[in-house]
Structure formats: structure tokens, C-alpha cells
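Notes for the one structure printed next.
The values are calculated or read from the model by the stated rules, or taken from the named source; none is laboratory data. Nothing here was measured: the structure is a model prediction, and the numbers come from that model. Note that we place each Cβ from the backbone using ideal geometry, even for glycine, and neighbour counts take in every protein chain shown. Accessible surface is based on the protein model in full, side chains and every heavy atom, while ligands, DNA and RNA are left aside. Shrake-Rupley method; radii C 1.70, N 1.55, O 1.52, S 1.80 Å.
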Amino acid sequence: MYAQMVDTGLNKVVDASQMSPQEQAFQARIDADVKVEPRDWMPEAYRRTLVRQIQQHAHSEVVGQLPEGNWVTRAPTLKRKAILMAKIQDEAGHGLYLYSAAETLGVSRDDLIDDLHAGKVKYSSIFNYPTLNWADIGAIGWLVDGAAIMNQIPLCRCSYGPYARAMVRICKEESFHQRQGFDIMMAMCRGSADQKAMAQDALDRWWWPSLMMFGPSDAESVHSAQSMRWKIKLLSNDELRQRFVDQTVPQAEYLGLRVPDPALRWNAQSGHYETGPIDWAEFQAVLRGHGPCNRDRIRVRKEAWDDGQWVREAAMAHARKRAERESRAAA
Ligand code: FAQ
């Protein structure tokens, strides 16, 4: 239902009896937790599934800079500004590691970026929401980076070596990002009544979109079953979402904030929080390009890409000259 753009050639999980001997051997290696490396043989659908997920992830990191970039010039102190700039640079770096990981699968970064700009591939729904005040920067770090880590820690153990290794460093940095967001929220919640109200307003607006980051429910998730079989995904969308809720609700309580879900309750029997229904119509609308900021995000990305053309050309010219100098010196 939600997957319209990228055809990975798979509609259902491939059963062992339908696999060629080569595919069976591949699955046996996955089952034995042997990492797949770029030069290893892999089923075409495995390769395409990885390209789809890794590029969506890379684009999310890059587009994810935009909502925060909106606040660099208006951060409340020099220290907060320096931290925010460092965080945004980290996100750019994550995008670069991930594009590199995707390139090991035989695709070109330029083509991936063209596909993003043409609206052919997705990036995370969360980045189509606006950052209206400084508390939103706290909420992004606390909730969005918090959700990102919850999803990404298991990816450090995923079956594809270059993706798994990229995730190790990314997760270390995301963990710092999450703490800086919580620190902003704490400062605001300990501040004036108006500041606390801003923090509550940010939680009210970011809570549900953060839950949507984990993707459609397991029943609706098109790719989960096969991706889990291949250990591209280790945990399902709903499992990760539940872990996030269980971790985050006590943090909201610590801050003295109210989670905007009247149905939220602790189930002592299951040992988990139960939540009210997610508005999947809103999620679908955002994925179809009708979120509050979809058009703006792509427009700004394209402008940044075009503006950077001369920098890319200059870097290439410099690399060429350097290589020529080095080969002359070696001759
Ligand atoms: N937004 O069958 P599933 C970050 C699409 S990084 C948009 O369940 P899958 C860092 C999905 O692509 C955040 N699209 O798909 C940061 C598929 O469409 P397709 C990004 C979504 O792949 C923090 C269709 O729906 N993280 O935040 C979303 O098995 C702060 C069907 O769904 C990653 O990408 C969504 N929320 O599971 C940066 C992590 N959910 O491609 C700056 C890696 C689903 O067939 C500031 N990715 N879709 O057209 C994953 O773990 C998975 O790809 C999921 C989706 C869990 C996102």
C-alpha cells in the first residue's frame, strides 16, 4: 500500500523451495550470521532492497539537516549554536557514509541524488514537518534522534557489511544528538512557564510523527518479512515503535510533560505502554508529498545541489591536477 516507487522485484517472501542452489547457499550464510560483502554473490532482489533502504536512509540524513538548519541563526546562546552546527554537520557526514555504502552495491551517488530530486525515492516522513520554535530543536534531538537510534542500533548487526559498519559510528553520534535534545528540553522545562509551554507544544506536535518514523504497522509493511529473512532488518516496525514508546514515556514524565495520547496507559501484565491509534492517513499523505514541508524540502535541496555545482567541479579539477602532478613526479 505504501510502496509505490521502487520496484525491488519482490512481492512476497521467497520460500526455500523456490530458491536456486546459489540462493539457498546465500540464505544459509545469512542464517549463520556471516556478513555479506560487496564482492560476494547476492540475489538481485537483496541488492535492490539494500539500495532502496540505504538510499532512503542517506537522503533522510541529508534532508534532515534542513529543519534544524532553520534555527542555526536563532539559537539562544553561542554554545547552543555551536552544538547545533556540529550536530547538523554530523548528519551530513552520516549521509556521506550511507551514500558510500550504497555505492558498494554498484549504483552511483549522482543517480541516487537525481532520483531524490525527481521525487522517485522517499526520505523519512518526519522531515516534512516544520520547526516553529527553539523547543522543536530539543524535540528533534530527543524524539527524532531517539527514534533513529532505536531503529539503527539493530542495523549495526544487519547482514550487509558496509551498511552495518557505517551504522556503528552513526549510532555513536546519534546517541550524543539524542542527549543534546533532551538537555534542551530539560533546560526549557526547568525555565519559565512560557518555556515549559513551548516544550509541551513541541512534544504535542512531534510525538505522533515520531511514532510514524518506524513505518507502517507490521500488517501493512510490504518489505519487512523478506528484509527480516535476509537480516537487513532485525526487528519489525511495530517492535521498534513499542521499544521507543516504552523508553520515551518515562522520559516525558521526568520532564513533567504530558504525552499527547489520551489512550496511553501502562499495561502491567505485558510490561509495555499501550498507545492510541496512529493516524495512518496523515502518514500516507506525507509519503505522497502532501506533508506541510515536502515541496519546500526538495526545492531547497535542489537549490543547494545546483549552488554547489562549482564546488564539485573545482574539487574534481583539483584532484585531476594533483593526480597529474603526482604521476609526473613519479615518471
Ligand atoms: N518515511 O515495507 P516498509 C534520522 C516507506 S534517519 C518515509 O515497512 P521498510 C537521522 C518505505 O520506504 C531516519 N517512508 O518499508 C536524523 C516503503 O516505501 P518504498 C531514516 C517510509 O523499508 C535525525 C514503504 O513505506 N531512517 O532520522 C517511512 O521495510 C535527526 C513501505 O514500508 C532510516 O531510513 C517513513 N517513516 O521499513 C537526521 C533507517 N516508513 O521504498 C537529522 C533505515 C516506511 O517501497 C535529524 N530504514 N516508509 O517506496 C529502515 O529501517 C526502514 O527502511 C524503515 C521502513 C523502517 C524506515
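What full-extension length gain, to one decimal in nm, is calculated for D296 and E313 as 0.36 nm per residue of separation minus the Cα-Cα distance?
3.5 nm
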Probe 1.4 Å, protein heavy atoms only - accessible area per residue of region 224-282 in square angstrom: 52
Connecting C-alpha atoms closer than 10 Å in a GNM of the chain, tell me which of A86, A135, A58 has the biggest fluctuation. A86
I want to verify a result. In a Gaussian network model of the chain, Cα cutoff 10 Å, which of these has the top mean-square fluctuation: I83, I140, I170? I83
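How big is the charge dipole of the chain about its Cα centre, in debye rounded to the nearest 20, if each Lys and Arg gets +1 on its Cβ and each Asp and Glu gets -1 on its Cβ?
With Lys and Arg at +1 and Asp and Glu at -1, about 860 debye.
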What residues qualify as long-range amide H neighbours of V36, i.e. H under 5 Å apart, gap of 5 or more or another chain, H built at 1.01 Å from N? Y160, G161
What is the log10 of I(q)/I(0) for region 67-167, computed with the Debye formula using one identical point scatterer on each Cα and no solvent, at q = 0.18, 0.24 Å⁻¹? -1.04, -1.34
Do the sum for the chain: with -39,500 (n - 2.57) for every DSSP H run of n ≥ 4, divided by all residues, what is the mean residue ellipticity at 222 nm, to the nearest 500 deg cm²/dmol? -20000 deg cm²/dmol
Taking the Cα centre of region 98-192 as the origin and placing charges on Cβ (Lys, Arg +1; Asp, Glu -1), which of Q178, W134, Y99 is farthest toward the positive end of the dipole? Q178
Along the charge dipole of the chain, Cβ charges K/R +1 and D/E -1, which of A219, I149, Q309 sits furthest on the positive end? Q309
Tell me, what ³J(HN,Hα) does each residue in region 130-137 have, in order and in whole Hz, if you take phi through Karplus 6.51 cos²θ - 1.76 cosθ + 1.60 with θ = phi - 60° and put x for Gly and Pro? x, 9, 8, 8, 4, 4, 4, 5
Sort K231, K81, K87 by heavy-atom solvent-accessible area, probe 1.4 angstrom, most to least. K81, K231, K87
Counting sequence-distant residues (5 or more places) and residues on other chains, those with an amide H built under 5 Å from that of H272 are N267
With every protein chain kept in place and ligands, DNA and RNA left out, what is the accessible area per residue of region 120-204? Probe 1.4 Å, answer in Å². 35
Just the number, please: carbon plus sulfur as a percent of the accessible area of the chain, 1.4 Å probe, no ligands or DNA/RNA counted. 55
Explain nothing, just the number: dipole magnitude of region 11-161 about its Cα centre with +1 on each Lys and Arg Cβ and -1 on each Asp and Glu Cβ, in debye rounded to the nearest 20. 420
